Amino acid sequence: MRSVDVVIVGASLSAAAAAKRLVDAGLETVVLERKALPRHKICSGILSPRGHRFLIENFGPLPREVLHDPTWCRGVTFHFPSMVSMSMDFFGGTTPHLHRRYSDYWAIQRSGAEVHDETSFTGLEDNGGHVVVSARKDGEEIRYRARQVIGADGPSSLVIRAIYPDYPKQIPWFFVGQKFHNIIECPLDHEYFHFWFHPDLGHYTWSHARDGQQIVGVGFKRGDNFDARHRNVVSYLEEKHGVKLDPHTTHEGCAENFGPSLVNRYVFGKGNVLITGQAAGFLNIIGEGMSCALHSGAISGEAIVEARLRNRPVQEMYRRMIASEVRRTTDQWNPLKIAFDRPHEADFPAALMRLSWRERRLVVRDLWRFVLLYKEFKWGREIVRAAASRLLGDGYPMTRWI
Ligand SMILES: Cc1cc2nc3c(=O)[nH]c(=O)nc-3n(C[C@H](O)[C@H](O)[C@H](O)COP(=O)(O)OP(=O)(O)OC[C@H]3O[C@@H](n4cnc5c(N)ncnc54)[C@H](O)[C@@H]3O)c2cc1C
């Protein structure tokens with residue numbers, strides 16, 4: 001059995017950030033990735049300015065091959081049923097449009113960790129002093145012995161299931177699917193990521209340009225019909241925005257744990273097992289998860305280093321250190337913060353001020369109708385209550401992490 005300081009499960013951005021901290025501190029770190037690398041990851045690849053800074057500061061300038069075309073994004077455009085549209089530019093200029101297959105591979109290589117791909121985590125046993133990790137490669141079981149394990153394995157985390165078998169039943173699940181179309185005509189500005197707050201279109205609706213095609217994506221609850229939802233959005237885009245697309249050439253989809261960060265139900269692990277990135281619940285109101293994956297990942301690595309230096313329990317260190325990231329992600333759900341503090345590093349207040357009073361009223365009304373759509377989810381009432389209390393500005397009413 002191979003003995004190492006830390007095993008990280010998943011070779012994504014949170015893993016790369018955690019690995020960077022651990023390797024820099026001299027800890028022997030092995031990353032397990034179930035897919036062959038470089039691996040595909042469904043994602044729009046729109047990076048926030050904070051995520052961009054993290055990548056540059058930690059891994060250096062981004063090479064061209066880690067980017068899609070267009071290679072950058074100017075900001076986000078919100079569209080409302082009242083046909084008001086608001087374009088918000090990112091602070092500090094454009095940000096890279098990441099090609100996740102290559103950007104994640106680049107980051108994990110630059111972390112300096114040893115990476116074992118095509119190696120699926122299957123289970124663990126925490127014996128107090130160390131953790132025995134089981135994995136499967138080429139049909140054979142392999143085992144690792146580690147002082148700590150970091151679960152950076154994304155929304156459907158098996159590491160979480162290993163320590164909290166019931167967790168997946170306790171949270172709302174959300175499905176997202178996107179289809180890729182050749183473009184006949186598309187008046188949507190390709191320099192922006194477009195997002196619709198429209199109850200008739202679905203829970204999460206987006207479109208953007210990539211590599212000469214237009215992506216049309218929809219989010220929906222379990223049991224809904226992806227094709228029907230998608231068709232509805234394509235007709236809406238044609239009718240209301242003049243977007244003409246050929247039938248799709250490819251499509252893809254996955255399940256998402258959308259919502260834990262809105263109601264502060266993160267899961268950070270127990271004993272010698274830390275959970276980070278989207279597995280822990282980090283994801284903001286527009287489904288942007290790379291920046292908080294990078295930062296929470298780095299904090300999980302730092303927590304292990306600090307716990308060793310101070311001889312303190314690693315969970316105590318992690319929960320103390322992760323509080324800043326929890327607050328930041330919570331702020332990204334808070335309409336008051338969005339209106340005045342700019343937690344997304346995009347100028348929502350300036351975009352709002354460009355609207356007439358009538359349009360501003362319509363935007364607030366449309367946003368509220370959109371939030372009500374989430375009532376039908378597990379935690380629906382809690383989600384609506386959390387949104388309402390944030391709208392009223394009464395801070396962080398529920399911090400109930402596991
Ligand atoms: C359609 C869509 C569009 C998105 N667009 C954006 C966007 O534009 N901007 C943005 O910031 N965020 C976006 N996100 C969210 C973002 O992709 C995620 O929040 C982010 O990738 C989370 O990173 P992570 O490091 O936590 O884990 P992930 O990126 O989910 O990676 C987890 C890794 O773990 C591996 N893994 C899983 N199980 C095992 C196992 N048993 N053994 C070994 N390895 C395993 C996976 O193969 C994967 O490599 C989008 C998500 C979706 C679905």
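Details
- Criterion violated by His194 - all others in (1) within 21 Å of the chain's Cα centre (by Cα); (2) within 25 Å of Cys73 (Cβ to Cβ); (3) open to solvent by 10 Å² or more (accessible area, probe 1.4 Å) satisfied: (3)
- Within the set Leu283, Leu274, the sole residue that is surrounded by 17 or more Cβ atoms within 10 Å (Cβ to Cβ), touching a residue at least 12 places away in the same chain (Cβ under 8 Å) and within 11 Å of the chain's Cα centre (by Cα) turns out to be Leu283.
- Residue check for Arg50: basic (Lys, Arg) and either open to solvent by 40 Å² or more (accessible area, probe 1.4 Å) or out of contact with any Lys or Arg (no Cβ under 9 Å at 6 or more places or on another chain) (or both): no
- Yes/no for Gly219 being outside any strand (DSSP E or B) and not acidic (Asp, Glu): no
- Counted residues, region 7-38 - those being under 25 Å from Thr94 (Cβ atoms) and near the ligand (Cβ under 6 Å from one of its atoms): 3
Condition check ((1) under 30 Å from Met83 (Cβ atoms); (2) modelled with pLDDT of 90 or more) across all residues:
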{"position": "Leu309", "(1), (2)": "no, yes"}
{"position": "Gln315", "(1), (2)": "no, yes"}
{"position": "Asp331", "(1), (2)": "yes, no"}
{"position": "Phe348", "(1), (2)": "yes, no"}
{"position": "Leu352", "(1), (2)": "yes, no"}
{"position": "Ser356", "(1), (2)": "yes, yes"}
{"position": "Trp379", "(1), (2)": "no, no"}
{"position": "Ala388", "(1), (2)": "yes, no"}
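- Extreme residue, farthest from the ligand (Cβ to nearest atom), among residues of region 253-267 that are of a type in the set (A, V, I, L, M, F, W, C) and either closer than 15 Å to Val371 by Cα or buried (at least 24 other Cβ atoms within 10 Å of the Cβ) (or both): Val263
- Selection status of Lys41, of a type outside the set (Gly, Ala, Ser), near the ligand (Cβ under 9 Å from one of its atoms), under 15 Å from the mean Cα position of the chain (by Cα) and open to solvent by 30 Å² or more (accessible area, probe 1.4 Å): yes
- Taking the criterion of being in contact (Cβ under 8 Å) with a residue 60 or more places away in the chain, more than 7 Å from the ligand (Cβ to nearest atom) and farther than 18 Å from Val76 by Cα, the residues of region 286-306 that qualify are Leu294, His295, Ser296, Ala298, Ser300, Gly301, Glu302, Ile304, Val305.
- In region 77-98, of all residues being within 30 Å of Leu37 (Cβ to Cβ) and either among the hydrophobic types (A, V, I, L, M, F, W, C) or open to solvent by 40 Å² or more (accessible area, probe 1.4 Å) (or both), the one that is nearest to the chain's Cα centre (by Cα) corresponds to Leu98.
- Filtering region 198-211 to residues that are touching a strand residue (DSSP E or B) at 6+ places or on another chain (Cβ under 7 Å) and open to solvent by 10 Å² or more (accessible area, probe 1.4 Å) leaves His198, Tyr204, Trp206, Ala209, Arg210, Asp211.
- Counting only residues that are over 26 Å from the mean Cα position of the chain (by Cα), of a type in the set (A, V, I, L, M, F, W, C) and either open to solvent by less than 20 Å² (accessible area, probe 1.4 Å) or away from the ligand (no atom under 13 Å from the Cβ) (or both), region 131-167 holds 3 of them.
- Matching residues, region 307-327, being within 16 Å of the ligand (Cβ to nearest atom) and either within 22 Å of Ser103 (Cβ to Cβ) or open to solvent by 40 Å² or more (accessible area, probe 1.4 Å) (or both): Glu325
- Qualifying residue in region 66-84 (condition: at positive phi, of a type outside the set (A, V, I, L, M) and touching a helix residue (DSSP H, G or I) at 6+ places or on another chain (Cβ under 7 Å)): no
The values are calculated or read from the model by the stated rules, or taken from the named source; none is laboratory data. Every value quoted in this text rests on a predicted model; they were computed, and no experiment measured them. Every residue, glycine among them, receives a Cβ derived from its backbone with ideal geometry; neighbour counts consider all protein chains shown. Accessible surface is based on the protein model in full, side chains and every heavy atom, while ligands, DNA and RNA are left aside. Shrake-Rupley method; radii C 1.70, N 1.55, O 1.52, S 1.80 Å.
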